[in-house]
Structure formats: structure tokens, C-alpha cells
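The values are calculated or read from the model by the stated rules, or taken from the named source; none is laboratory data. What you see is a predicted model; the values in this text were computed from it and never measured. Reconstructed Cβ throughout: ideal geometry from the backbone, glycine too, with neighbour counts over all protein chains shown. Surface accessibility is based on the protein's heavy atoms, side chains included, excluding ligands, DNA and RNA. Shrake-Rupley method; radii C 1.70, N 1.55, O 1.52, S 1.80 Å.
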Amino acid sequence: MYIRSRMNLAEIKEIKELLTTKKNIVIVPHKNPDGDAIGACLAMYHYLQLKGHAATVVSPNDYPNFLKWLPGSNNVYKYDTQNRQSVTALDEASIVFLLDFNALHRVGEDMQHGLEDYIGTFIMIDHHQQPDLVAKYLYSDISICSTCQMVYHFIEMLEDTTSINKEIATCLYTGIMTDTGSFRFPSTTSTTHRIIANLIEYGADNSMIYNKVYDTNSYSKLQLLGCALNNMVMIDKLKTAYITLSQDELNNYNYEKGDTEGIVNYGLSVEGIIFAAIFIEDVDQKIVKISFRSKGKFSVNEFARKHFDGGGHDNAAGGKSIVSIDATISKFLNLLPKYKNQLLKSYGE
Ligand code: 5GP
Ligand code: MN
């Protein structure tokens, strides 16, 4: 009864059949994986190991420390720094799961080539819009809050939820918690809460998980947050707020991967604001990384796709720019008035 959208029965039957004999399987998240991507991959890893398969998670690159405690994290290969092991795992795999992304380029250029050459069976499970049709088996549902919830549904479709153990439950809980902003985004449904209740029954320690993910701030990370909040610019008449962080500012506060995650949401927490952005300079990669968030009907997915080489969901998207941070912000500011009607009509009016 929890299933909202599913693979067809014939596909599920084929996947069940595939999984009846021992397989080498690789599981891949998107580049710069977040809690949902890594949670989904590690949950799938534990599930497949439990079923007797040789499963390996191959991440395009590293992920934030606040996710490193997840069970199985020590066994994750990183394609950029552990290339030989990663390539071997892919060569040997007859099935590759693609979790929490909708197009091969989302793994980054190097690994994308590796996946494009792959000749085995892809199974994609994802909740982003407009998935590329690269996988033999695609389970796509943009209404579901997280890929972790979809992995739960996937196990449900295999009629195997009784196999969910503490490790699987912990990984799935983490991804659902992080992708729903701790169960508050509109995509959080009664079904999500029922699944969460089940995961707690299967052994997920909700309070411990929250602590491990959110109560691990360093002093410098909080100072960086302070800097970001100081830099916030309000454009009240367009219900917009944006934040900037230059490379110098990041360096001043000993920036580490993951430190800026979630900062963009502070813009949206200002009363009356329905569109928030953060621009983060990355001198190494010669880009400005951008995150967009919105409330209501204003689609940041469309905005990011159209103007900043990105995409995502209606209310949470990202993109990038290859011009300077100042030029990127000018471009953004010049675009905003064109969206005036949409921005003013979007929410609560
Ligand atoms: P975040 O702002 O947290 O990095 O990403 C928000 C959402 O937008 C995520 O679902 C992420 O997958 C998507 N996203 C972020 N950056 C990009 C990008 O450069 N391209 C695309 N297509 N999606 C992105
Ligand atoms: Mn996700």
C-alpha cells in the first residue's frame, strides 16, 4: 500500500530473476554525493551483500565527513583517488545501480566515460526530473522525497522488506532525513512517515542519526556560516535573497567539503522570501557553484537548467557558471526582473 509509482511487474520479475544467482554488482551515486545518494548506495550495498552478492559502492569522489560514520562507509571506493580498484569493480560487474541521479554526466567527466563504455545492465533509481533513458531498468518518480524512500519501495517491490536490518534501516533513514530537511519539505508524505516508523522498528536509531549528521559542526564551519549570513543580500521586492562566498572567505574559515551544505536555506527562512540562491567560488575548478531553493510554484529546476547549466527539482536545484563570481551575480541580478510576475505570484497569494 505504500507504493505510489513502480516498475512494471514484468521488470520486477526480471530483476528478481537476475538477483537469484550471485552477481558482482557496482552501486554508483552522483558526484559530490549527499546523504541521500550515499545513504541509498550503502543501503543497497548492505541489502545485496545480505542476499549473497558481491556488491561494491563506487563514488565519483569523496563525500562529507558527517556521512563517514554510515555503516559500510569504509568500503566505498572513490573513482578519482582509487581509480584502479574502481575500474576493476566496474569491469567485473554484471549489474550497475545508478542511484540518486538522472543522467550519466552527473558523475563527472572521468567516470562518465567509464560508465558510457559499460556493457552490463544498468538499473537506475532516482527522483530527479527528466531522466535520460540510459538504463535497462528505470525506476523514476519525481514525487518521492528521496532516493532512499525509493530504495525502500524497491525492496518492497521485491517483496523483501523483512530483510531490512539495522544497517539498511540506518542508511535509508539518513537519506530520507537529509533530503527532506528533517521531514519538513512538502515532498514529505504520510507514506514517508510510515516508512520512517518502519525503519525505526528495523533498528534505525533516529536520535543518534540526527546527532551524527547535524551535531558535528566545527567552530570554523559555524564562523563560515556567520560570514555567509553577513553576506546575505535581500531583494525584498522580488522576494529573493542571495548569499555569496568567495574563495578567500572559504580559505579564511578552513573550508572543508560539506561545510556550505544547507546554508542556502537560510535565505528561504526570511519571512516573505520565496527564492534563495548561494554562489560559491571554486578557484580550483574555475567555476562558481550555485544552489537555488524556492517555495511554491517558482521552479528553480527550470531556472537552473535555462541559465546556469544545471537542474534538480522544482524547489531545490543547482548549477554552475564559468565566469567570475561578480559576473555570475550580475547575470543573476539581470535575470531576476524577467521573473518578477512568477516570483510575486508564486506563493501564498
Ligand atoms: P544542491 O544545491 O544541494 O547542490 O543540489 C540541489 C539539487 O539540485 C540536487 O537534487 C542536485 O542533484 C541538483 N543539482 C545540483 N547541482 C546540479 C548541477 O550542476 N546539475 C544538475 N543537473 N543538477 C544539480
Ligand atoms: Mn536525492
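Key figures
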item	result
Checklist (1) outside any helix (DSSP H, G or I); (2) more than 17 Å from the chain's Cα centre (by Cα); (3) β-branched (Val, Ile, Thr) applied to ILE329, failing item	(1)
Qualifying residue in the stretch 335-348 (condition: under 20 Å from PHE101 (Cα atoms) and in contact with a Lys or Arg (Cβ under 9 Å, 6 or more places away or on another chain))	no
Condition check for ILE142: aliphatic (A, V, I, L, M) and within 11 Å of ligand 1 (Cβ to nearest atom)	yes
Answer residue from the stretch 309-325, given it is more than 8 Å from ligand 1 (Cβ to nearest atom) and under 18 Å from LEU343 (Cα atoms) and is most open to solvent (accessible area, probe 1.4 Å) among those	ASP314
Among the candidates MET150, MET157, residue that is within 16 Å of ligand 1 (Cβ to nearest atom) and on the phi < 0 side of the Ramachandran plot	MET150
Residue check, SER146 within 13 Å of the chain's Cα centre (by Cα), in the same structural domain as ASN74 (by TED's automatic domain parsing) and small (Gly, Ala, Ser)	yes
Single match in ALA103, ALA43, ALA54 (criterion: small (Gly, Ala, Ser) and within 16 Å of ligand 1 (Cβ to nearest atom))	ALA103
Within the stretch 281-298, tally of residues that are surrounded by 14 or more Cβ atoms within 10 Å (Cβ to Cβ), of a type outside the set (Asp, Glu) and over 13 Å from GLY319 (Cβ atoms)	4
Residue list for the stretch 80-112, restricted to those being away from ligand 2 (no atom under 16 Å from the Cβ), closer than 21 Å to GLY311 by Cβ and open to solvent by 30 Å² or more (accessible area, probe 1.4 Å)	HIS105, GLU109, ASP110, GLN112
Filter result (farther than 27 Å from ASN251 by Cα, within 16 Å of ligand 1 (Cβ to nearest atom) and among the β-branched types (Val, Ile, Thr)) within the stretch 171-224	THR174, ILE176, THR180, THR188
Complete set of residues in the stretch 7-35 that are touching a residue at least 40 places away in the same chain (Cβ under 8 Å) and more than 15 Å from ligand 2 (Cβ to nearest atom)	MET7, GLU11, ILE12, GLU14, ILE15, LYS16, LEU18, LEU19, LYS23, ASN24, ILE25, VAL26
Total residues in the stretch 248-269, condition touching an Asp or Glu at 6+ places or on another chain (Cβ under 9 Å) and open to solvent by 40 Å² or more (accessible area, probe 1.4 Å)	6
Residues of the stretch 16-51 classified as buried (at least 19 other Cβ atoms within 10 Å of the Cβ) and either in a helix (DSSP H, G or I) or assigned by TED's automatic domain parsing to the domain that holds SER291 (or both), total	14
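Table: residues versus (1) within 16 Å of ligand 2 (Cβ to nearest atom); (2) touching a strand residue (DSSP E or B) at 6+ places or on another chain (Cβ under 6 Å).
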{"residue": "ILE280", "(1), (2)": "no, yes"}
{"residue": "SER294", "(1), (2)": "no, yes"}
{"residue": "HIS313", "(1), (2)": "yes, no"}
{"residue": "SER321", "(1), (2)": "no, yes"}
{"residue": "ILE325", "(1), (2)": "no, yes"}
{"residue": "SER330", "(1), (2)": "no, no"}
{"residue": "PRO337", "(1), (2)": "no, no"}
